[in-house]
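The structure under discussion appears below in the form of structure tokens.
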Amino acid sequence: DAGVIQSPRHEVTEMGQEVTLRCKPISGHNSLFWYRQTMMRGLELLIYFNNNVPIDDSGMPEDRFSAKMPNASFSTLKIQPSEPRDSAVYFCASSILAGRFDNEQFFGPGTRLTVL
Amino acid sequence: RKEVEQDPGPFNVPEGATVAFNCTYSNSASQSFFWYRQDCRKEPKLLMSVYSSGNEDGRFTAQLNRASQYISLLIRDSKLSDSATYLCVVNMPGAGSYQLTFGKGTKLSVIP
């Protein structure tokens, strides 16, 4: 069975460029999460969707970040313009439905972003 | 106070040893607790949920102490393959949102 799929796996870009990260959740999962992981801050939730609707975007660092989920099988996280401090591993995760007591989140392999 | 706090380690233990990790959380209203495992340069994966009565899965035992807001993970008979970072995860309820907050992790190295 396919797990969560993310692309690209690695991205190197220059400051000021637009970056788009992509995610395909597990089929049948209704919740999708975007996380960012750095050594300093650990794993941080950026935004999550239930049934394609953004529920909580309080973790989005600033207006340069935006996320969309146009349908149940696809989501994007966009950074425009990118800055060196955005360098991190970005994970997408999905689950059956956020809010269940024992809900397991399944993570994709991540996108390693380097902004020069 | 950090929302979920863990000793970063590293814990370097010989094969066959028993090792315990601890975690504290700040929100007394939290209802869900988990341990995730993350191998180097890989994604986190659920290791086990933590229930109020404590639970065991093979060599792994998880305990929850709500009064002290404390979670533990015990690994018996450590294997080389247990080497990884262990993330303590707690839900932070509020405002209709369901947010899992991850600790920064405790690194374990099991040595031959």
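Values in this text are rule-based calculations from the coordinates and carry no lab data. All of these numbers come straight from a predicted model, not from anything done at the bench. All Cβ positions, even for glycine, are placed from backbone atoms using ideal geometry, and neighbour counts span all protein chains on display.
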DSSP beta bridges in the protein assembly as shown: the antiparallel percent, rounded to 5, is 90 percent
Any lysines whose Cα falls less than 21 Å from that of B:Lys107, other than same-chain ones fewer than 8 residues away, would be B:Lys2, B:Lys42, B:Lys45, B:Lys79
Taking a straight Cα-to-Cα line shorter than 21 Å from A:Lys78, and setting aside same-chain lysines fewer than 8 residues away, one finds A:Lys24, A:Lys68
Checked against the positive end of the charge dipole of region B:2-112 (+1 on Cβ of Lys and Arg, -1 on Cβ of Asp and Glu, about the Cα centre), the farthest of B:Ile75, B:Leu64, B:Phe11 is B:Phe11
Measuring from its Cα centre, chain B shows a charge dipole (+1 at each Lys and Arg Cβ, -1 at each Asp and Glu Cβ) which, in debye to the nearest 20, is 200 debye
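Restricting the count to DSSP beta bridges whose residues both fall in chain A, what percent are antiparallel, rounded to a multiple of 5? Please report the intermediate quantities before stating the final value.
On the way: 36 of 40 bridges.
If I count the DSSP bridges inside chain A, around 90 percent turn out antiparallel.
Once the mean 1/r over all distinct Cα pairs of chain A is inverted, what Kirkwood radius in angstroms do you read off?
Details: mean 1/r = 0.0709 Å⁻¹.
Here the Kirkwood hydrodynamic radius works out to 14.1 Å.
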Of all chymotrypsin sites (Phe, Trp or Tyr not before Pro) in region B:35-84, the ones in DSSP coil with at most 14 other Cβ atoms within 10 Å are B:Tyr51
Sparse-neighbourhood loop hits (GluC sites (Glu not before Pro), region A:1-92; DSSP loop; Cβ within 10 Å at most 16 others) -> A:Glu14, A:Glu18, A:Glu62
Kirkwood-based Rg/Rh on the Cα set of chain B evaluates to 0.97
So, for the Cα atoms of region A:35-101, Rg and Dmax in Å stand at 12.4, 38
Distance in nm between A:Met39 and B:Asn22 label points, each 7 Å along Cα→Cβ, equals 2.7 nm
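What size of dipole, in debye to the nearest 20, comes out for the protein assembly as shown about its Cα centre when the only charges are +1 on Lys and Arg C-beta atoms and -1 on Asp and Glu C-beta atoms?
Details: 23 positive and 23 negative charges, 27 e Å.
Rounded to the nearest 20 debye, it is 120 debye.
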Sorting A:Ile26, A:Met40, A:Ile55 by the position of each Cα along the dipole of region A:18-60 (Lys, Arg +1; Asp, Glu -1; all at Cβ), the one nearest the positive end of that ordering is A:Ile26
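Based on DSSP, what percent of beta bridges with both residues in chain B are antiparallel, to the nearest 5? Each step should come with its number before you reach the end.
On the way: 38 of 42 bridges.
Percent antiparallel among DSSP bridges in chain B is about 90.
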